[in-house]
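Let me begin by presenting the structure, written as structure tokens, before commenting on it.
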Amino acid sequence: MNIGINYKYKDDFQDYCKNFIEKNNIKHLEINWYKHDCLNKEYEDEYLKQIQFLKDTYNIKFSLHFPTFYDFGSRIPFFRYIIKEHLKECLTYANSFGIDLIVIHPGTIGQMDIPKNNRFASQRLLLDIAHSKKNEVRKLSLEIFDFIKSEIEKNNYKLKIAIENLVLDNEICVKSKDLISLIKDIKSDSFGACLNYAHAHRAGQDLIEYTNEVKDYLLHIHVSDNDGKCDLHSFPEAEGCTLPWDDIFNVLQEIQYNNSIIAEVVSENIETLNFTVNFLKTNK
């Protein structure tokens, strides 16, 4: 397994290179799709320079995460047009830069307070509405994934698309069966699953079962820690966090997973990043 970490623009870039990249011999970083993830052109240019330096100097392999603010469940025609135009740019950039995997979230139904049970008629009504909306969002998401498939085929891109399991009630593909069903309906070997263990833990899923159910589609893994109540993006075994790390590493060995594991830790502290990577390398 190749251990990596998510990468965003660094103000202390030289320190990051020396005391994290070099110290840990990092060989995989996951970058954001830079072009429309900021409003500052100067920031965008500097971010690109950093990524190019990391590739040229350290021979780093990159995967790419398409920004989550592009909601594939949107019903607004112009917004869907923009999503597709930006996806074309993203696919072209990834292919030209030697990136072979892009992580993408499916759509959401937008803001909706969904009941946790169905005891009362009012709760059942809202649950029915949410179910109907999710079916529509699934169709809308599938339409954009089909567009991505056509772009990959038309341009002969050597790209894999890893669809990530989500976490909240207003999102689709929280459960493994829904993620697998969506991937199957795309009908392309270019598509598979990104299993985010933190998302599955927050959603109350059995992580061992989840892994075994998606193993035949598993292209990529995201990890961070949380308390099962909020997707905290904490470092492993942080105070109050409860991810069953031993179970995760054991099941990954059982299924002989040999692709990348990317830590998605919200921290700029070099020591925290060092600890996270060392924890994953030691236990893999």
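The values are calculated or read from the model by the stated rules, or taken from the named source; none is laboratory data. Note that the structure is a prediction, hence the values are computed from the model and not measured. Every residue, glycine as well, gets a Cβ built from its backbone with ideal geometry; the counts of neighbours run over all protein chains shown. Note: accessible area is taken over every heavy atom of the protein model, side chains too, but ligands, DNA and RNA are not part of it. Shrake-Rupley method; radii C 1.70, N 1.55, O 1.52, S 1.80 Å.
Over the chain, with every protein chain in place, what whole percent of the accessible area is carbon and sulfur at 1.4 Å, could you tell me?
Answer for the chain: carbon and sulfur cover 48 percent of the accessible area.
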Task: the stretch 111-156: C-alpha pair distances exceeding 15 Å, % - done: 58 percent
Task: Where only C-alpha atoms are counted, convex hull volume of the stretch 166-224 per residue in Å³ - done: 73 Å³
Task: For Leu101, distant residues with modelled amide H under 5 Å away - done: Leu64, Lys160
Open item on the list: Pick from Asn155, Asn196, Asn274 the residue whose mean-square fluctuation is largest in a GNM of the chain, springs joining Cα atoms under 10 Å.
Closed with: Asn155
Task: Computed [θ] at 222 nm, helices only, for the chain once each DSSP H run of length n ≥ 4 contributes -39500 (n - 2.57) - done: -14500 deg cm²/dmol
Task: Net dipole in debye of the chain [+1 Lys, Arg Cβ; -1 Asp, Glu Cβ; about Cα centre; nearest 20] - done: 820 debye
- [ ] Kindly provide the pair-distance distribution of the stretch 151-284 built from C-alpha pairs, with 10 Å bins from 0 and whole-percent values in order of increasing distance.
- [x] 12, 42, 33, 12, 1
Open item on the list: Rounded to the nearest angstrom and ordered from largest down, what semi-axes does the equivalent ellipsoid of the chain get from its C-alpha gyration tensor (root of 5λ)?
Closed with: 30, 24, 18
Open item on the list: Taking every DSSP beta bridge with both residues inside the chain, roughly what % is antiparallel (nearest 5)?
Closed with: 5 percent
Open item on the list: Let me spell out the model: positive unit charges on the Cβ of Lys and Arg, negative unit charges on the Cβ of Asp and Glu, origin at the Cα centre of the stretch 180-284. What dipole size does that give, in debye rounded to 20?
Closed with: 300 debye
Open item on the list: With Kirkwood's inverse mean 1/r over C-alpha pairs for Rh, give me the Rg to Rh ratio of the stretch 105-203, two decimals please.
Closed with: 1.04
Open item on the list: List the residue ranges in the chain for DSSP H helices whose C-alpha atoms run 27 angstrom or more along the long axis and whose Kyte-Doolittle average is -1.0 or above.
Closed with: 77-97, 121-155
Task: Magnitude of the charge dipole, the stretch 65-143, Cβ model with Lys/Arg +1 and Asp/Glu -1, debye to 20 - done: 420 debye
Task: the chain: most fluctuating residue of Arg138, Arg119, Arg75 per GNM, C-alpha cutoff 10 Å - done: Arg119
TODO: Starting from the stretch 63-171, pick out the chymotrypsin sites (Phe, Trp or Tyr not before Pro) whose DSSP state is loop and whose Cβ has at most 14 other Cβ atoms within 10 Å.
DONE: Phe69, Phe120
Open item on the list: Please compute one quarter of the surface area of the Cα convex hull for the stretch 13-141 and express it in square nanometres.
Closed with: 10.9 nm²
TODO: Using only the alpha-carbon atoms of the stretch 235-284, report the extent along each of the three principal axes, biggest first, to the nearest angstrom.
DONE: 33, 23, 16
Task: Accessible surface, the chain, averaged per residue in Å² (probe 1.4 Å) - done: 49 Å²
Open item on the list: Below 8 Å between Cα atoms, with a sequence gap of 6+, how large is the relative contact order for the chain in percent?
Closed with: 19 percent
TODO: Find how much the distance from Leu48 to Tyr93 grows on full extension, using 0.36 nm per residue of separation minus their present alpha carbon separation; answer in nm with one decimal.
DONE: 15.1 nm
Open item on the list: If I build a Gaussian network model for the chain, linking alpha-carbon pairs within less than 10 angstrom, which residue out of His65, His105, His86 has the largest mean-square fluctuation?
Closed with: His86
- [ ] Hey, can you grab everything whose amide H is under 5 Å from the amide H of Leu166? Only 5+ residues off in sequence or another chain; H modelled, so Pro and N-termini drop out.
- [x] Val174
- [ ] Please list the non-local residues whose amide H lies under 5 Å from the amide H of Val223, H modeled 1.01 Å from N, same-chain partners needing a gap of 5 or more.
- [x] Ile262, Ala263, Glu264
